[in-house]
1. If a residue must be facing another protein chain (nearest Cβ under 10 Å) and touching a residue at least 12 places away in the same chain (Cβ under 8 Å), how many such residues does the range A:202-233 contain?
2. Can you tell me which residue is most open to solvent (accessible area, probe 1.4 Å) among those in the range D:165-177 that are part of a helix (DSSP H, G or I) and without any contact (Cβ under 8 Å) to a residue 12 or more places away in the chain?
3. Within the range B:237-246, can you find the residues that are outside any loop (DSSP other than H, G, I, E, B) and open to solvent by less than 10 Å² (accessible area, probe 1.4 Å)?
4. Can you tell me how many residues in the range A:204-249 are of a type in the set (A, V, I, L, M), closer than 29 Å to A:S303 by Cα and in contact with a Ser or Thr (Cβ under 6 Å, 6 or more places away or on another chain)?
5. Hey, does the range A:257-275 have a residue that's more than 8 Å from chain B (Cβ to nearest Cβ) and in contact with a Lys or Arg (Cβ under 7 Å, 6 or more places away or on another chain)?
6. Given the residues C:V249, C:V307, C:V293, which is the only one that is more than 8 Å from chain D (Cβ to nearest Cβ) and under 23 Å from the mean Cα position of the chain (by Cα)?
7. Among the residues of the range A:187-199, is any touching a Lys or Arg at 6+ places or on another chain (Cβ under 8 Å), in a loop (DSSP other than H, G, I, E, B) and more than 8 Å from chain B (Cβ to nearest Cβ)?
Protein chains: 4
Amino acid sequence: MSGNSIGVLFKVTTWGESHGPATGAVVEGCPPGINLTEGDIQKCLNRRRPGKVASSSPRQEDDTVKILSGTFQGKTTGTPISLIIENTNVDSSAYEDIKDIFRPGHGDFTYFKKYGLRDYRGGGRASGRETAARVAAGAVAQKIILRYGMEVVAYTKALGGVVIDQNKYAARTISHEDIAINQLLCPDASAARVMEEKLEEARRSGDSLGGIVEIIVRGCPPGLGEPVFDKMDADLAKALMSIGTVKGVEIGSGFKVAEMVGSQTNDPIIPDGFLSNHAGGILAGITTGQDIVLRVAAKPIPSIAKVQQTIDVHGNRMELSIKGRHDVSAIPRIIPVCEAMVTIVLADHLLRQKTI
Amino acid sequence: MSGNSIGVLFKVTTWGESHGPATGAVVEGCPPGINLTEGDIQKCLNRRRPGKVASSSPRQEDDTVKILSGTFQGKTTGTPISLIIENTNVDSSAYEDIKDIFRPGHGDFTYFKKYGLRDYRGGGRASGRETAARVAAGAVAQKIILRYGMEVVAYTKALGGVVIDQNKYAARTISHEDIAINQLLCPDASAARVMEEKLEEARRSGDSLGGIVEIIVRGCPPGLGEPVFDKMDADLAKALMSIGTVKGVEIGSGFKVAEMVGSQTNDPIIPDGFLSNHAGGILAGITTGQDIVLRVAAKPIPSIAKVQQTIDVHGNRMELSIKGRHDVSAIPRIIPVCEAMVTIVLADHLLRQKTI
Amino acid sequence: MSGNSIGVLFKVTTWGESHGPATGAVVEGCPPGINLTEGDIQKCLNRRRPGKVASSSPRQEDDTVKILSGTFQGKTTGTPISLIIENTNVDSSAYEDIKDIFRPGHGDFTYFKKYGLRDYRGGGRASGRETAARVAAGAVAQKIILRYGMEVVAYTKALGGVVIDQNKYAARTISHEDIAINQLLCPDASAARVMEEKLEEARRSGDSLGGIVEIIVRGCPPGLGEPVFDKMDADLAKALMSIGTVKGVEIGSGFKVAEMVGSQTNDPIIPDGFLSNHAGGILAGITTGQDIVLRVAAKPIPSIAKVQQTIDVHGNRMELSIKGRHDVSAIPRIIPVCEAMVTIVLADHLLRQKTI
Amino acid sequence: MSGNSIGVLFKVTTWGESHGPATGAVVEGCPPGINLTEGDIQKCLNRRRPGKVASSSPRQEDDTVKILSGTFQGKTTGTPISLIIENTNVDSSAYEDIKDIFRPGHGDFTYFKKYGLRDYRGGGRASGRETAARVAAGAVAQKIILRYGMEVVAYTKALGGVVIDQNKYAARTISHEDIAINQLLCPDASAARVMEEKLEEARRSGDSLGGIVEIIVRGCPPGLGEPVFDKMDADLAKALMSIGTVKGVEIGSGFKVAEMVGSQTNDPIIPDGFLSNHAGGILAGITTGQDIVLRVAAKPIPSIAKVQQTIDVHGNRMELSIKGRHDVSAIPRIIPVCEAMVTIVLADHLLRQKTI
């Protein structure tokens, strides 16, 4: 049973393989009468494009989006919005050599076990390319949350073991402008320089790097989230964990709560709000009205030039060194994807709360 | 829009408030012909009961489950299985005093903001009591995964800052017998003794403790999980994050991947399987056939005796010290709940894979 | 995969077998703050009880409903409403004789083929008894549609070939009072008398009768229904066809449109509304604001005393004459069930429209 | 909340407006390894094309389908299949004149009431053009049911009051070859000739005609259908009623059961099967293994040249005579759509039964 949709009222279904003719999304449930153009979506997609950082693949993806349905005269109509991004600059020949080989850390082995076959060209459906459709759909979701004065900002918190100075750069104050200062979308310029060095070093050694992205939601009204399973934090965790490279999700004080006591983690309430935000803006799965603060851990990109042990589809031992155009780190390209996923969940829950 | 169901093919819907007449679950999609008695479910529920550890509330909950439908002559029939657990030993009078007061760290404030009213008796729907229904449903799911030779074991990895000796007690070897040696379900007896002291100390000071639970799934076949949104890790993250006290979920090497390089995190493949398990048994959202390894961070119980700042429903400043029968830590009572949630997700995905 | 739920935002899940301990429903998505007592639901259930008409079984079912969750101090809280109706006056011994025999017209054969086993006591899950849970859930839905000034009235249009005088008794004028004049819930008193005679005659000959129920919805706002699959008429058709005895559903002019021309079926529009209602209140799957008019055909009750040819589970030829307490016609007991199903669909679509 | 998807395990989501750039479908849940080419789908689409009968619009639609994802090397991969049909030969200028006018019998009025705006070009989302996407998706579903030896045949049973000779042409014997003898897909050649005359007459008078389509499913295994709401007949009724022109659906003996007695409608069971098929192949919502027999009533096409009373969006009285290229009857073009909808439901339930 296919699992290509996310959201209940604001629902996104993505389709498409890395080296097929196109990838896309069908966005259902967007209310009518919202201004929406291809330019609005393109702007978000452009942020996902490979940049000039040492972490990025030299593959040039145009990622030009077209709206095929659901708008009329520049406005949404309430009918499903079909978005398509054609796959250009596709070269599958590089994959012919490894079409029978399972790449460690990739979905090759598991797709083969699941479906009995796989589209080996460039990762197929498991490719990071699928996230372009998520970002496009997120651009529609953004239109909805903007109506409520909400904003989602994600940025590089750590990369290759280098962490930003958290005293100077606190989640609650970081803006889109603050992170636009470098290609890594990192608010701490000096940390970013060290990260760039680490990336360069990893590239040279044929290896790749992991990191941490922090996501913050501002302006979220209290009351969003649906107990007891579709809690806001549960849905956010699912949405973020569904991104290929993510291996951990935490909210508010996250894993640190394991070493804290209740008198620390209970955020005191005063007439104006809360005195702290260890909860990360969510209590009992429902938003408090404070900022929502999340962090995800992104594993290093599995495509590395270093020689790895593996097997082929017949079970024979192989050695593999992956050539070709690959990012060295999922960061910063994963950042607009994280923003999109969080935005989609928020839009869905805003609509869900309207039925109360 | 209500969010009280989890699972698609194996679907669990829970209902019930802490101090209402009963709590329960409707379990849909269980295949017919499986032996299932109230005794099978009761055994799982008994593990969730308050024990004799210093962390537990002295409230005596009988938690006697009844099967109201879906079985005939001791076997499941394929129709929905309705499970009910009556609430006995309920005393709501203690909550009369705080019915207008928001308890910090609780869902009081957010339920009120969401619904415009709340059932203030003992936490209402946000109470840990709702997890009894999850555990009961998990007992049904367990019947399904047992058919495939699968096993789920969860245990205390850390509590109050005390961590088990991870060199001596590795996830892949810990059995249900290993953790039955103490009430904390902790495989490291000497760590457990220190944890007990910490709990006693916290109780005395009117405070509470957080901790970490590790969950391991053994015998899972490869191929489970539905890209691109209903990935196995995404669904597990949601299921676990939907437990009230959980603030973080990680899989395999989890947040550590942020500091690792690809040549470390890529688990090498050999004809017999994999040489390591940094992926935690899941690649591209699909199980590899290795053990699935997860960890969750549980925040300290928010009900503490220490004086806290808060407000009432009218916005007046208050000071609050919570009396009554409360656990000092969610651990170990959360452990069978974690097992139940993981088991429910696995049962659902086993059925989903049958449609491929 | 289980199909025991109906509705998306206002969602009803029923459970329970005819001769199990109880039957019930979990109602999700009901907004908070609505007055709801057991008495409100009981009133609807009482209408479904076997009456004194010749069509009814002498089985006395108390059908006492209890609310187990989802209300507090007489108001809904927004959490799932669990309703339970205990099965009293249950005598399964009568079914021991036919436990291996397939009753023609019943679900015995198909349940056995589907699940490999069946609960043979009194129809099990396929029993008309399951509809008690639908009626109880419908009582909750009624609270929602009442907020919008809507009303659903169903009545006997035909029974055993006797049809009401449609010139005198038109759908648009028939009220609950008009049909309360006899036990058959038939607005045409003289037709009802002939129907009663037909029922008595059928009972004497060991046979049973079919009929037609007409359902009318008044006060429905325009704009309800979700193209292109969850159209209002599509959802109504499903809801009504899911009632065991229903073999046909039609809307507005229904099957008569096959013989009409467009200049007849197109209802002319004037500033005040429409000049006719061949559409039955629905255009392109969306309500027009006119009355919604539906009809269903109910087949004769399959449990008859007349000797029938059948087989047992081993494939042996048998002759069967069904004894015991059975209705002679699904009418009038199906009437509150039809009302409940239509009301549930309307409540769901009212909530769905709130998200536009 | 959008309702553009049908099916649970085999799920079809359609998108697209009549005069937008394209229309399409995303098909989820199709098992991997099935041979599927654009040619397979095109063959089904071609059957829906306007033919040479008097009933058809002269609009030339190419309806060329492209597969954008979900297949690799001519086989399905298990990932979502994205199908696109570009809208060619589109001329919206004809609609400029009526952009503020509500056409009687159309969805203009209700879409406007629902969404507050509408895409007035050619019916927008409510256009019959959307059914091209259904037929394309049905072609994929057909691949699945063929694996089980199943076949769906639909044909013209009545048109403009002319009914086929039911004694000579019984549902259980009619084949695709039998109906390919004329453009109306009517097995009774002499009836078809009269129907053609009726169509010509209606066209001349600026009017349109309704009719009845009968659909038969052969080779269906017993056991399909999910009580108590997702019964096979309930899901079929919904799927068929979701077609724009359908105003009634009946199964087996349908509305005739209202005048029958139980000893007639109960199909006797013998070791080889059943002696009759009044049930239409479904008992208690589950297939019996007999042929499934359904009928739908299609209303006359609402676009007629005859002058009609209506209003514009400002509430002013208008007279309207619709010019342009329009079918005179939904028959025969609705026939492949009926087949597609039934096939989609069957494919979904085949997959659902695999989880038992």
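The values are calculated or read from the model by the stated rules, or taken from the named source; none is laboratory data. Model, not experiment: these values are computed from the prediction. Cβ: placed from backbone, ideal geometry, glycine included. Neighbour counts: every protein chain shown. Note: areas computed on protein heavy atoms with side chains; ligands, DNA, RNA excluded. Shrake-Rupley method; radii C 1.70, N 1.55, O 1.52, S 1.80 Å.
1. As a first pass, look at the range A:202-233 and keep what is facing another protein chain (nearest Cβ under 10 Å): A:202, A:205-213, A:221-233.
Now narrow it down to the ones that are touching a residue at least 12 places away in the same chain (Cβ under 8 Å): A:202, A:205-213, A:221-228, A:230-233.
Looking only at that region, the number is 22.
2. Narrowing the range D:165-177 to residues part of a helix (DSSP H, G or I): D:171-173, D:176-177.
Checking the rest, the ones that are also without any contact (Cβ under 8 Å) to a residue 12 or more places away in the chain come to D:173, D:177.
Numbers: D:T173: 83, D:E177: 132 Å².
Here the answer is D:E177.
3. Pass one, the range B:237-246, residues outside any loop (DSSP other than H, G, I, E, B): B:237-241, B:246.
Matches in the range B:237-246: B:A237, B:A239, B:L240, B:M241, B:V246.
4. Quick first cut of the range A:204-249, residues of a type in the set (A, V, I, L, M) only: A:209, A:212-213, A:215-217, A:224, A:228, A:232, A:234, A:236-237, A:239-241, A:243, A:246, A:249.
Checking the rest, the ones that are also closer than 29 Å to A:S303 by Cα come to A:209, A:212-213, A:215, A:236-237, A:239-241, A:243, A:246, A:249.
Imposing the further condition that a residue be in contact with a Ser or Thr (Cβ under 6 Å, 6 or more places away or on another chain) reduces the set to A:209.
So the answer is 1.
5. The answer is no, given that none of the residues of the range A:257-275 is more than 8 Å from chain B (Cβ to nearest Cβ) and in contact with a Lys or Arg (Cβ under 7 Å, 6 or more places away or on another chain).
6. Values: C:V249 fails: more than 8 Å from chain D (Cβ to nearest Cβ); C:V307 fails: under 23 Å from the mean Cα position of the chain (by Cα).
After applying the criteria, what remains is C:V293.
7. Narrowing the range A:187-199 to residues touching a Lys or Arg at 6+ places or on another chain (Cβ under 8 Å): A:188.
Okay, now just the ones that are also in a loop (DSSP other than H, G, I, E, B), so A:188.
Now restrict to residues that are more than 8 Å from chain B (Cβ to nearest Cβ): A:188.
Looking for residues that are touching a Lys or Arg at 6+ places or on another chain (Cβ under 8 Å), in a loop (DSSP other than H, G, I, E, B) and more than 8 Å from chain B (Cβ to nearest Cβ), one finds at least one in the range A:187-199, hence yes.
A quick yes/no check of all residues on (1) modelled with pLDDT of 95 or more; (2) open to solvent by 10 Å² or more (accessible area, probe 1.4 Å):
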residue: C:I85; (1), (2): yes, no
residue: C:V90; (1), (2): no, yes
residue: C:Y115; (1), (2): yes, yes
residue: C:I145; (1), (2): yes, no
